[in-house]
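Below is one structure, written out as structure tokens; comments come after it.
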């Protein structure tokens, strides 16, 4: 962990999000029709919809983004750990990520490798034998029958890129949380913005000064480590703003993905050192549908807790547009289940270098 902490220039100033204002019970401040958390939980991820059932898959979501001209990390390997190269190939570069295909979001299953050394543990991994030993003969990491390795995309100055989580309603951006220092649990923090229609280079308005809305069930469990630990700490000082051209490319990519998805999604993006946007992942149940801090101020200064819920309701009962499935879904992605099929799709769509529109 000390190796990774050295990547940061300074420790950010942050505090628990509920100390910035008050954490309210979502069911008390919004009706069921306007309660974003209720809508997300009951009309979002539970719906049997091709978009929600397919897009949340790491491989399928990335292939979908590439079909729309949005960058994703280049996949270097997908398959059994026993099929990994005995030594890391030179064309993989100095920095890449390897993780279990079935648990790619679990940090305890991720290897952030730079010149063969894991940034999180400091342990050296030379190739196949070391990874097989780690993931098959240990109790400290999840066992993995399939491994995904992909290029590691850094942000400015070689530091881990900030995570831009867009709350999309079609091509409309309802809110944005920027999560900084996301690879260091004790240092990371988030800043919420109202980003419905920012012009190129426009100043984003912060909307997390009133606290957060949480579900009744989540509040009842607040004494558990899970309930408090899963809320992203609030940054007291927001991250430095993006350059105008970079912000324009990032928002254009998020809107393109949101429009194509059609139904409400959280679209996670990040920006590399050259200012180019990448898709991280699609999420239908943001923060497990437990909480949000998107409360823009009304003209009288009071918080509008129902802002995101009204955007959802404006899209109809399912919260989205009646769009046909893109061609890539009909041909390749509707049945991306099981490691073998996922790796087939990864090899077909994600191993080639990205070729897209200039500036994207």
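Points worth noting:
- Members of the stretch 30-57 that are modelled with pLDDT under 90, in a loop (DSSP other than H, G, I, E, B) and buried (at least 21 other Cβ atoms within 10 Å of the Cβ): 44
- Search result, residues across the stretch 105-137 that are exposed (fewer than 14 other Cβ atoms within 10 Å of the Cβ), modelled with pLDDT of 90 or more and not in a loop (DSSP other than H, G, I, E, B): 124
- Candidates 236, 232 - the one that is at pLDDT below 90, within 29 Å of residue 29 (Cα to Cα) and buried (at least 22 other Cβ atoms within 10 Å of the Cβ): 232
- Restricting 102, 60, 87 to residues that are modelled with pLDDT of 90 or more and not in a strand (DSSP E or B) narrows the list to 87.
- Subset tally (residues that are at pLDDT 90 or above and surrounded by fewer than 20 Cβ atoms within 10 Å (Cβ to Cβ)) for the stretch 250-276: 8
- Any hit, the stretch 205-220, residues being at pLDDT below 70 and over 20 Å from the mean Cα position of the chain (by Cα): no
The values are calculated or read from the model by the stated rules, or taken from the named source; none is laboratory data. Predicted model only: the values in this text are computed from it and were never measured. All Cβ positions, glycine included, derive from the backbone under ideal geometry; neighbour counts span all protein chains shown.
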